[in-house]
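Novice: Please see the structure below; I have some questions.
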Amino acid sequence: TTLGKPISIPASQYWDGDDGSWSTFRVQVGTPAQQVRLLPASDQSSTWLVTPEALATCSDKAETCEDDRGYFYRRNQSSTWDQHGSFELSTFVEAPVGLTGVGLYGFETLQLGWEGDGLPLLTHQVVAGMYTENFYLGSLSLNPRPMNFTDFNDPLPSLMQSLKNMSTPIPSTSWSYTAGSYNLSPKVFGSLTIGGYDSTRFMANNVTFPFGADISLDFQVAIQTITTDVASTPLLKSGIVAYIDTLIAHIWLPLEACKLFEDTFDLVWDNKTELYLMNDTTHNALLAKNPNITFKVGPQVTGDSVSIVLPYWNFYQTAKPPFINSTLLYFPLKRAQNESQYLLGRTFLQSAYLSANYDRDTFSLSQALYPASSVAQNIVPIFPEVATTNITGPQGTGKGKSSTLAPGAIAGIVIGVAAIICIVSVAIFSIYRRKK
């Protein structure tokens with residue numbers, strides 16, 4: 001169809017990461033094609049790829065380093081690599097929490113999915129080869145805005161814009177994502193849809209979030225309250241503004257809120273690792289309580305809101321080298337020192353479904369669902385035109401019914417208009433006769 005077709009990128013069916021176990025997605029890079037496993041990058045206009053130089057960061061386990069980091073991209077083995085130069089990675093959201101790095105930027109062929117998935121192949125896409133420990137896994141660009149290396153006079157099309165420009169395009173530069181869960185039984189892989197959404201993966205609601213005023217901070221939300229069903233005391237005393245970022249694993253909250261988490265769940269902060277490490281006693285006690293933690297989020301600190309319920313399985317992850325020196329269980333909450341560090345990462349997105357609409361500068365958040373593997377996807381396109389009342393998709397994102405009226409509705413309108421014209425004509429004729 002000329003309206004376009006959304007793309008569901010298959011999960012790699014691996015669980016990757018040094019700060020937890022995260023569902024990655026299948027992509028091929030270069031010529032001949034090299035398989036890689038990537039996270040989604042909600043705020044990036046370039047795709048980041050881990051290079052063999054990363055071996056220097058995992059010398060104690062060199063034999064497994066490449067697989068642990070989702071496979072390396074070897075630019076010297078690709079005939080389509082076109083090098084541009086080294087630049088700082090664009091980390092406007094991540095830098096405040098210490099996540100920065102340098103990338104060797106260039107152009108390369110990208111194919112969504114792996115061999116046999118039948119997904120699009122795109123040439124001359126902006127990529128960055130990187131090997132920093134701060135970003136352990138590579139990531140797939142989802143921001144449709146153009147990339148600029150040195151100035152704004154030479155914008156380079158993003159991956160999303162390239163997909164929109166194909167002969168069989170995606171319906172829009174929208175996308176939808178939920179992180180899945182390693183700790184569920186059975187495990188549920190993440191879901192990533194380009195140009196649409198998967199209606200089996202969320203509960204719809206009526207709340208629309210506008211993008212932040214700063215284009216580097218699109219996914220701005222107000223956390224109105226945080227509560228738990230195992231305590232009467234709220235875990236957040238007053239509303240704050242936070243940012244959602246798929247490249248960050250943790251939830252970053254004010255110190256005062258973290259102290260309330262500590263008191264409620266018997267957490268102990270480790271100054272050396274700057275993590276809430278958990279021993280078996282703490283973990284087993286929390287498993288027995290099985291608390292739910294509810295984040296009430298909205299466009300403003302008061303008013304419309306969506307409640308995202310995070311069960312305890314969202315909150316135990318395994319950290320391993322090089323993130324920390326040994327493999328340990330921890331609670332993925334971090335102490336923020338200022339407002340720029342208030343962040344909701346993949347821990348939150350295990351239970352939240354995020355859907356972005358760049359045609360309207362809005363996004364939606366919904367409670368994520370975890371369908372059984374026997375449940376087929378239901379991929380629905382997001383079109384750029386203005387939508388009528390939404391029924392099947394997250395509100396305000398152009399999902400569900402389009403603005404085109406059904407034939408029956410059109411017929412009804414035509415008959416109604418004709419009737420009005422007749423009534424007005426008769427009235428005018430009567431007035432005219434009286435005057436005569």
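The values are calculated or read from the model by the stated rules, or taken from the named source; none is laboratory data. Just so you know, these numbers come straight off a predicted model, no measurement behind them. As a convention, Cβ positions derive from the backbone with ideal geometry for all residues, glycine included, and neighbour counts pool all protein chains shown. For the accessible areas, the whole protein counts, side chains as well, though only heavy atoms, and no ligand, DNA or RNA atoms are used. Shrake-Rupley method; radii C 1.70, N 1.55, O 1.52, S 1.80 Å.
Novice: In the stretch 8-169, what percent of the accessible surface is made up of carbon and sulfur (1.4 Å probe, ligands and nucleic acids excluded)?
Specialist: Using a 1.4 Å probe with all protein chains present, the stretch 8-169 comes out at 48 percent carbon and sulfur.
Novice: At 7 Å along Cα-to-Cβ for each site, give me the label-to-label distance between S326 and V301 in nm.
Specialist: Result for the modelled spin labels: 4.3 nm.
Novice: With springs connecting C-alpha atoms under 10 Å apart, model the chain as a Gaussian network and identify which of T178, T347, T273 has the largest mean-square fluctuation.
Specialist: Of T178, T347, T273, the Gaussian network model singles out T273 as fluctuating most.
Novice: If you don't mind, another one. Students often get this wrong: which residues of the stretch 364-386 have the backbone nitrogen under 18 Å from the point 7 angstrom along Cα-to-C-beta of D229?
Specialist: Taking a point 7 Å out along Cα→Cβ of D229, the residues of the stretch 364-386 whose backbone N falls under 18 Å are 367-370.
Novice: Now a separate question. May I ask you to order 289-295, 191-197 by the average number of other C-beta atoms within 10 Å around their residues, highest value first?
Specialist: Peptide ranking by packing, descending: 191-197, 289-295.
Novice: Beta carbons within 10 angstrom, averaged per residue: use that to sort the peptides 43-54, 229-240, highest first. If you can, show how the numbers build up before the last one.
Specialist: Numbers: 43-54: 22.9, 229-240: 14.5.
Result, highest mean Cβ count within 10 Å first: 43-54, 229-240.
Novice: Rounded to the nearest 0.05, what FRET efficiency is calculated for D117 and E53 with R0 set to 30 Å and r the Cβ-Cβ distance?
Specialist: Computed FRET efficiency for D117 and E53 comes out at 0.55.
Novice: Measure out, as a whole number of angstrom, how far apart the alpha-carbon centroids of the stretch 4-40 and the stretch 261-332 sit.
Specialist: Here the answer is 26 Å between Cα centres.
Novice: Could the peptides 75-83, 89-97 be put in order, highest first, of the mean number of other beta-carbon atoms found within 10 Å of their residues?
Specialist: 89-97, 75-83
Novice: Follow-up question, since we're still on this one. Mind pulling the angle between the C-alpha long axis of helix 255-265 and the longest principal axis of the chain? Nearest 10 degrees, somewhere in 0 to 90.
Specialist: 80 degrees
Novice: Around N76, with a cut-off of 14 angstrom between Cβ atoms, what is the net charge of the other residues, counting Lys and Arg +1 and Asp and Glu -1? Mind dumping the intermediate values first?
Specialist: On the way: positive: R74, R75; negative: E53, D82, E108.
Result for the neighbourhood of N76: -1.
Novice: Taking the Cα atoms of the stretch 8-169 alone, what are Rg (to one decimal) and Dmax (as a whole number) in Å?
Specialist: In Å, with Rg to one decimal and Dmax whole: 14.9, 48.
Novice: Give, as a single signed number, the net charge of other residues whose beta carbon lies under 15 Å from the beta carbon of P144, with Lys and Arg counted +1 and Asp and Glu -1.
Specialist: Numbers: positive: R145, K164, R360; negative: D43, D218, D359, D361.
Here the count lands on -1.
Novice: Okay, next question. For the stretch 1-114, what is the charge dipole size about the Cα centre, in debye to the nearest 20, if Lys and Arg each add +1 at the Cβ and Asp and Glu each add -1 at the Cβ?
Specialist: In debye, rounded to 20, the stretch 1-114 gives about 500.
Novice: How far is helix 280-289 tilted off the main Cα axis of the chain, in degrees rounded to 10, range 0 to 90?
Specialist: Taking Cα atoms only, the helix is inclined about 30 degrees.
Novice: Per residue, how many Å² of accessible area does the stretch 8-169 show with a 1.4 Å probe?
Specialist: 40 Å²
Novice: If you build a Gaussian network model of the chain, linking Cα atoms that sit under 10 Å apart, which residue out of T100, T225, T281 swings the most?
Specialist: T281
Novice: Shifting gears a bit: Using +1 on the beta carbon of Lys and Arg, -1 on that of Asp and Glu, and nothing else charged, what's the dipole of the stretch 174-306 about the Cα centre, debye to 20? Please list the in-between numbers first.
Specialist: On the way: 7 positive and 13 negative charges, 53 e Å.
I would put it at about 260 debye.
Novice: Specify which labelled value, from (1) 23.6, 87; (2) 21.5, 64; (3) 24.6, 104, agrees with Rg and Dmax of the Cα atoms in Å derived from the coordinates of the model shown.
Specialist: (3)
Novice: Could you work out [θ]222 nm for the chain from helices alone, using -39500 (n - 2.57) per DSSP H run of at least four and dividing by all its residues? Round to the nearest 500 deg cm²/dmol. Don't skip to the answer; put the middle values down first.
Specialist: Values: 6 runs with 67 residues, N = 436.
Estimated from H runs of four or more residues: -4500 deg cm²/dmol.
Novice: What is the set of long-range amide H partners of L310 at a cut-off below 5 Å, with H atoms built 1.01 Å from backbone N?
Specialist: I293, T294, F295
Novice: Let me ask something else about it. Carbon-plus-sulfur fraction of the accessible area of the stretch 191-381, 1.4 Å probe, in percent?
Specialist: 48 percent
Novice: So with the 1.4 Å probe, I'd like the accessible area per residue for the stretch 191-381, rounded to whole Å².
Specialist: Result: 40 Å² per residue.
Novice: Same structure again: Can you give the angle from 0 to 90° between the axis of helix 407-435 and the longest principal axis of the chain, with both taken from C-alpha atoms, to the nearest 10?
Specialist: It works out to around 30 degrees.
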